[in-house]
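Colleague: Below: one structure in C-alpha cells.
The values are calculated or read from the model by the stated rules, or taken from the named source; none is laboratory data. Because the structure is predicted, anything quoted here is derived from the model rather than measured. Methodologically, a virtual Cβ is constructed for each residue, glycine included, from the backbone with ideal geometry; neighbour enumeration extends over all protein chains shown.
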Amino acid sequence: MTRTIFSEEHDQFRASARRFYNEEVVPYREDFEKQGHLDRRVWEKAGEAGFLCMTAPEAYGGAGADRLYPVVMLEEAAYAGQSGPGFWVHSDMSSTYVTAYGSEEQKKKWLPELIAGRKIMAIAMSEPSGGSNLAGIRTTAVRDGNEYVLTGSKTFISNGWMADVVIVVAKTNPGAGAKGLSLFIVESNMKGFNRGKLLNKLGMKAQDTAELFFEELRVPAENLIGEEGQGFRYLMQDLAWERLLIAVQAMAVAERAIADTLVYTNEREVFGKNVWDYQNTQFKLAEFAMEAKVGRVFVDDCIAKSVDNRLDPVTAAMAKAWITEMEGRVLDGCLQLHGGYGFMWDYPIARAFADARSQRIVGGTNEIMRQIIAKSMPSIVAEYEL
C-alpha cells in the first residue's frame, strides 16, 4: 500500500529507525523485560541519532521536524515488535508541554538535555483513585513564597522508574475542579520525591512503569509550566495527538501480526496440510486484512489532519477506540491461528497480544472515548447532510 503522506525523506528516516531498533533494542529484549526497563545507553544512543524530541525547535537542539517523523519512529517500534522504548512518552507526550508552554529559561534548561537523551522525562497524571478523570486529581501544589509545596501520589507512570524529570499535574485550586489544575517540572533528585515499586504488568514488560510519591516536595515557582490554573487547557490541546499516537501504534502492531501469521500458517502443518490451506484460515486472515485496510486509511487520514493541525478531539477519540479494538480482534484471531504456540512467550504474537491490551486503557479508556463521541453526536449527525 502506497502511503502518500510520506516523502522520500520520511522513507529514508524510516530505514534509519528500523536499523536502530534491530541493532539496539531487538537483541536485548529479554534482558530489558527481565529488568523491567531499557538500559540508559539506549536512550543516549537514540539521542545521538536524533530520534528524541524531533519536533522541538532547532534553537534548542531539536530538528524542528513535522509530526510524521514521530509517527515513523513509533510505527517502526511496533513493526520490530518492541513495546519497551518509551521514546514517544518522553518526546511526544511530555517534552511537548515544555516546548509549547514553557518559559524561555525552561526550554533552554531542559530541551537540550531531553533531546540528547541525557535526561529522561515522564508525565504524571493518573492517580490511584482518579483513573481517567483529571478533575478528580488529588495531588495538590500549595504556593508558599517562591515555591509550591507538592503533596500526593501518581501511578501507572510510563518512564516513571527511569525519569530524571517529571511533569506533574497537580491542583493549585482544589475548589475549581479541572480548572484548578497546573503543570510543574519536578526533578527526581528533589527532596520529597520518592518512587514506589516498578509495576509488574501483564504486558509491555520492557517499558518501565512506576508509582511516584511526593511528600511535601518544594518546587521552585519558576518550574510552573505556563500559567497557574491552565493545566487542564494545556492537556486538552495535546490529548488528540496522544490518542492518535496510540492508534498509530495499534495499527502497526495489527499489520505486523497479520504478516507474521500468514508466514506461520504457510509453514505449520496440521493433519498433513499447511494451516493456510484450510478455508477457515484463509477467511480469517482475509477478514483481518479487510479490517486492517479500513483502519490504515482512517489512521493515515488522521495523521495528515494532525500534521496540518486539523485533527479534532472527537475524531481522535474515534481513532483511538476503533483502532485499538480492531487490533484486539486481529491479535486474538492471529494468536488462535498459531494454536498452542500462540500461547508461548517466545512467539511474537504472544508478546504482541499481551502488550496490546493496555492500549484500550491508556490515554483515557475506550469507555471515556465513547463518552466524548456521544456528547458530540448532534454535530456528527449534522455532517451526514441528510
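Colleague: Yes or no: Trp241 within 19 Å of Tyr347 (Cα to Cα), hydrophobic (A, V, I, L, M, F, W, C) and either touching a helix residue (DSSP H, G or I) at 6+ places or on another chain (Cβ under 9 Å) or outside the structural domain of Tyr347 (by TED's automatic domain parsing) (or both)?
Modeller: No, not satisfied.
Colleague: Can you confirm whether Tyr278 is among the aromatic types (Phe, Trp, Tyr) and without any contact (Cβ under 8 Å) to a residue 40 or more places away in the chain?
Modeller: Criteria met by Tyr278.
Colleague: If I go through region 127-151 residue by residue, how many of them are closer than 30 Å to Phe51 by Cβ and crowded, with 22+ Cβ neighbours inside 10 Å?
Modeller: Number of matching residues: 0.
Colleague: So, in region 113-163, of the ones that are among the aliphatic types (A, V, I, L, M) and part of a loop (DSSP other than H, G, I, E, B), which residue ends up nearest to Glu44 (Cα to Cα)?
Modeller: My answer is Ile120.
Colleague: Which residues, counting only those in region 170-225, are farther than 19 Å from Met121 by Cα, among the aliphatic types (A, V, I, L, M) and in a strand (DSSP E or B)?
Modeller: If the condition is that a residue be farther than 19 Å from Met121 by Cα, among the aliphatic types (A, V, I, L, M) and in a strand (DSSP E or B), then Leu181 is the only one that fits.
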